[in-house]
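To keep things clear, I will list the structure first and then write my remarks on it.
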Amino acid sequence: MCSIKHTHEMKKTITKVSIYCSLFLSLAGSANAQMDSSTEFKPSGRLWGYAFSDFAYKGTADNIGTAAAPVSRGGSNQYTGMPANANTFQFRRIYLGYNYDISPKFSAEFLLAMEDDFGSNTGVGSITQSAPGGVGSAGDLTAGGKFAPYVKYGDIKWKNIFRNSDLKIGSQATPSFAKTDRNEQTAEEVWGYRAIERTVSDIRRTPSFDMGASLQGWFDKDGKYGYMLMVGNGQSAKPGTSIDKWFYGDVYAKFFNKRLIVDLYADYQRLNNWGVWVQGPTLGVESINGPLYQSRNMTKLFVAWNTNKLTVGFEGFQNVELSGLTVVETDKNTYYKTFSAMAYSFYVRGRIVSAPNGDPRLNFFARYDNYDPSGNLSTIVNAATTSTVKVSSGVSNYDPYTKEQFVTFGIDYMPVKNVHIMPNVWLNTYNSSLSQTGTNAAGLAYTKIGTNEVTGIKGTDAVYRITLYYIYNPKQGTTKY
């Protein structure tokens, strides 16, 4: 009897344990299901942006022209044509961006930008607006003179289309100097002060963004060695109007825990009239007939030592303008000549004071650029007593007649992270590539080309500014500077 009772109790105990185990396993399964559900991919987006603006006072101006015939040395810089003693409050850039992760393999980005809106701040009175980049340029303004946003980025990315490489299609950052998805230590990012000035190649309007397709990736899993290849329209935000595409290529290596950066960049663009039969010789051939071949290509080296507390950088380029000069000589024939533009930039930036939490509080920066687009200009204008030399279409950003030296320096005060107040000095000095006397060092004479090309006069645009730069909801990887 006792044995039967004991057996019955054991059965009840086993039944209870079974029920508890089943309940536990059920709850565990439910928890795992919830955990699996919580780790499933969920599409999401992020709104971000930044802005910078100045109060600027122009102390001296490169006044070598007149109101009736202004000389616009400095090309597309916003202070060209702005008279001495003029002052302005001005936005120079506003970004509003949105990034969206569609799936683990696909993401998209969209960016509205307002920039280059400097036409209304020149204060040049009777000087009328001219072509973009010249004196009184309208910049990116509406017909009514108001700020004009435009679509700067609009692209989709296919992540890891093959190992450690992404394919991106649309309007996007190029590998020239702007930050890309696979490389956040490009020339512009390491310089860190786009709010003060563009990089030396950006000043010459090598596209920082373009409509096209790119492949970017790493040769290793840590991103120490990488590349980017791209083909685009070469028109930045403008619709493509030419069959001739712009080809970009970039490779980089990072050493010593990514503190030392070495970046080599090259691009190529075939320009208009390639192979079109014209009245004139082929390049460098002294004959009267032949096709015009015109192109441009840049090679650029960027090297920097980049740390949180001190950064020293160098950037230099050579841009070869094939048939960049159209020469009409005394024999009345048209000749096409090649010239090259060279530039280099040195800069240093660093930390003076840190906040209690270790973030930067007070920083400094200084930079010097030397730009010489003259190449073999003296040889060209001396040949056969040149009568007319003009810059061919497509290379106007590389006017060979004016050398420039740029200097900027200032202090960067950060009352909180992502807010910068920066008193700074902006100086650009111009000098003629050719002698005012009309002779070269060997005493050979050439015809004076015009007041814009051969002045022999040194001039300076000196601007004193307080720049305000702030970032809202910054993207991952946003620089502290």
- Note on the structure: Scanning the stretch 375-389 residue by residue, those modelled with pLDDT of 70 or more, open to solvent by 50 Å² or more (accessible area, probe 1.4 Å) and not in a helix (DSSP H, G or I) turn out to be Asn376
- Of the listed residues (Tyr469, Tyr464), the one being at pLDDT 55 or above, open to solvent by 40 Å² or more (accessible area, probe 1.4 Å) and in contact with a strand residue (DSSP E or B) (Cβ under 6 Å, 6 or more places away or on another chain) is Tyr464
- Consider only pairs whose beta carbons are under 8 Å apart and that are at least six residues apart or on different chains; among these, list those whose first residue lies in the stretch 78-99 and is free of Cβ contacts under 8 Å to residues at least 40 places away in the same chain and closer than 21 Å to Gly145 by Cβ and whose second residue is hydroxyl-bearing (Ser, Thr, Tyr) and open to solvent by 40 Å² or more (accessible area, probe 1.4 Å). Ala86/Tyr57; Asn87/Tyr57
- Does any residue of the stretch 61-68 turn out to be open to solvent by less than 30 Å² (accessible area, probe 1.4 Å), under 28 Å from Ala113 (Cα atoms), modelled with pLDDT under 90 and not hydroxyl-bearing (Ser, Thr, Tyr)? no
- Identify, by number, the condition in (1) within 22 Å of Trp158 (Cα to Cα); (2) assigned to a strand (DSSP E or B) that Asn183 doesn't meet. (2)
- Among the residues of the stretch 98-115, write down those that are surrounded by 17 or more Cβ atoms within 10 Å (Cβ to Cβ) and either of a type in the set (A, V, I, L, M, F, W, C) or more than 17 Å from the chain's Cα centre (by Cα) (or both). Asn99, Asp101, Ser107, Ala108, Glu109, Phe110, Leu111, Ala113, Met114
- From the option list Gly217, Gly226, Gly212, single residue qualifying as touching a Gly at 6+ places or on another chain (Cβ under 6 Å) and part of a strand (DSSP E or B) is Gly212
- Would you point out which residue out of Asp222, Asp181, Asp155 is among the acidic types (Asp, Glu), open to solvent by less than 30 Å² (accessible area, probe 1.4 Å) and either out of contact with any His (no Cβ under 8 Å at 6 or more places or on another chain) or touching a residue at least 12 places away in the same chain (Cβ under 8 Å) (or both)? Asp155
- If you check Gly75 against the conditions, is it under 24 Å from the mean Cα position of the chain (by Cα), modelled with pLDDT under 75 and either open to solvent by less than 20 Å² (accessible area, probe 1.4 Å) or under 28 Å from Tyr50 (Cβ atoms) (or both)? yes
- Specify which of the listed residues (Ala341, Ala366, Ala355) is surrounded by fewer than 15 Cβ atoms within 10 Å (Cβ to Cβ) and in contact with a strand residue (DSSP E or B) (Cβ under 7 Å, 6 or more places away or on another chain). Ala355
- Count - residues of the stretch 323-352 that are among the charged types (D, E, K, R) and under 30 Å from Gly313 (Cβ atoms): 2
- Query: So, of the residues in the stretch 229-267 that are among the β-branched types (Val, Ile, Thr) and assigned to a strand (DSSP E or B), which turns out to be most open to solvent (accessible area, probe 1.4 Å)?
  - Reply: Val251
- Only one of these conditions is not met by Ser236: (1) at negative phi; (2) at pLDDT below 95. Which number is it? (1)
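The values are calculated or read from the model by the stated rules, or taken from the named source; none is laboratory data. Being a predicted model, the structure only gives us computed values, none of them experimental. Note: ideal-geometry Cβ built from the backbone for every residue, glycine included; neighbour counts use all protein chains shown. All accessible areas refer to the heavy atoms of the entire protein, side chains included, with ligands and DNA or RNA removed. Shrake-Rupley method; radii C 1.70, N 1.55, O 1.52, S 1.80 Å.
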